[in-house]
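Beneath this line is the structure, given in structure tokens, with notes to follow.
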């Protein structure tokens, strides 16, 4: 298994958006829920601060840092296809994002994660992210349920 990460390119937009839609269909890993307009999502993807992970040459996930340069921090969003989880993909993406953020002069990375996403929380803690707060019943899901999120941050 060959794992690599690299900055996202224009040609990656559609495969990344398709993986995003597939992860959204799980309804428990990321905030999005189906249906996802794959073409619209692909067209709107921000390339600056975005990275893709490839297993044996095939894109299996991505991570985007949305920098807020005025305040010196970046917000992270990540998704990895189900079959590629537990194979170092998230770690490789986090390493790329942290290195990029430091190179951009950001002083902090932030993210939100569902409290039930134990694997993601463990990954973020592995890289030094700490829990900074909890948003109670912040997100209304299509089912009508109200979900909390945990806010985490990493000082660079």
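The values are calculated or read from the model by the stated rules, or taken from the named source; none is laboratory data. Here the structure is a predicted model, which is why all the values come from computation and not from measurement. Don't worry about glycine lacking a Cβ; one is built from the backbone with ideal geometry, like all the others, and counts go over all protein chains shown.
The residues listed here are 103, 128; of these, the one that is in contact with a strand residue (DSSP E or B) (Cβ under 6 Å, 6 or more places away or on another chain) and closer than 30 Å to residue 1 by Cα is 128.
For the range 41-96, name all the residues that are over 17 Å from residue 121 (Cβ atoms), assigned to a helix (DSSP H, G or I) and touching a strand residue (DSSP E or B) at 6+ places or on another chain (Cβ under 6 Å). 84, 92, 96, listed by residue number. Determine, yes or no, whether residue 21 is at pLDDT 95 or above, part of a helix (DSSP H, G or I), out of contact with any strand residue (DSSP E or B) (no Cβ under 6 Å at 6 or more places or on another chain) and within 17 Å of residue 142 (Cβ to Cβ). Yes. What are the residues in the range 1-37 that are under 27 Å from residue 115 (Cα atoms), surrounded by 14 or more Cβ atoms within 10 Å (Cβ to Cβ) and over 16 Å from the mean Cα position of the chain (by Cα), if any? Result: 36, single match. I'd like the residue in the range 39-80 that is more than 28 Å from residue 1 (Cα to Cα), in contact (Cβ under 8 Å) with a residue 24 or more places away in the chain and under 13 Å from the mean Cα position of the chain (by Cα) and, out of all such residues, is surrounded by the fewest Cβ atoms within 10 Å (Cβ to Cβ). So the residue we want is 75.
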